[in-house]
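Peer 1: I'd like to ask some things about the structure below.
The values are calculated or read from the model by the stated rules, or taken from the named source; none is laboratory data. Not measured: the values here are computed from a predicted model. Cβ atoms come from the backbone with ideal geometry, glycine included; neighbour counts cover every protein chain shown.
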Amino acid sequence: MIFTGFKRKSNQIFFNKTLRSLLKNEHESPFEEVKKVIIFLDENSEKAHIVSQLVTILKISESNIKVIVFQRKLKNEIETDDIISPKDFGWYGKVESEKLKNILTNKYDLLINYSKVDNVFLNILLLQCKSAFKVGFAHVDERLYDLMIRCELDEIDLFNEELKKYLGILKILQ
């Protein structure tokens, strides 16, 4: 039990150190259109609703949307590629699971974080994920995102409407 706290702290140290170096570097230029999307969620129950909304908003196929669900504790009978936990991370921000390594090697046009809590493990993924444009709720660390939408955490429909509006303004959506 004590080592869980040490592991979390070591990952927090890695996150802080990596974030400083990331902020010094120039950011990738925006893309022309959204082709590949990655989504981070806290709850698996909202997955189908969010994906169906994004398919209509972004006008892309469901196969081009990758969903990652973070759960603090996994049940033994659940073992899928889209659910991650703290066990997928090692010390000092090292990603140990092969499924996460495969995700981090792909390039995405848009990253959307629907996470309702500030989570060091998801923050590490946000830093290491190769995404041209990152969107999230306004209540979390603003240094991680290119666009932050201010709305209540349970207002997913409003968040998606605002996302569509601002992506249109930024000429990312046609």
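Peer 1: Any idea how many residues of region 35-74 are part of a loop (DSSP other than H, G, I, E, B), under 17 Å from the mean Cα position of the chain (by Cα) and farther than 22 Å from GLU155 by Cβ?
Peer 2: In the first step, residues of region 35-74 are kept if they are part of a loop (DSSP other than H, G, I, E, B); the result is 35-36, 42-43, 59-61, 71-74.
This time we only want the ones that are under 17 Å from the mean Cα position of the chain (by Cα), so: 35-36, 42-43, 71-72.
Applying the additional criterion that residues be farther than 22 Å from GLU155 by Cβ yields 35-36, 71-72.
So the count comes out to 4.
Peer 1: Answer yes or no as to whether TYR108 is of a type in the set (Phe, Trp, Tyr), closer than 22 Å to LYS35 by Cβ and surrounded by fewer than 16 Cβ atoms within 10 Å (Cβ to Cβ).
Peer 2: Considered against the rule, which asks whether it is of a type in the set (Phe, Trp, Tyr), closer than 22 Å to LYS35 by Cβ and surrounded by fewer than 16 Cβ atoms within 10 Å (Cβ to Cβ), TYR108 comes out as no.
Peer 1: Go through GLU62, GLU96 for me and flag whichever is surrounded by fewer than 15 Cβ atoms within 10 Å (Cβ to Cβ), in contact with a Gly (Cβ under 7 Å, 6 or more places away or on another chain) and modelled with pLDDT of 85 or more. Don't jump to the end; show me each part of the working.
Peer 2: Numbers: GLU62 fails: in contact with a Gly (Cβ under 7 Å, 6 or more places away or on another chain).
Every option except GLU96 fails the conditions.
Peer 1: Now, a different point. Looking for whichever is crowded, with 20+ Cβ neighbours inside 10 Å and of a type in the set (Val, Ile, Thr) here; the options are ILE124, ILE149. Which one fits?
Peer 2: On the way: ILE149 fails: crowded, with 20+ Cβ neighbours inside 10 Å.
Only one candidate passes the filter, namely ILE124.
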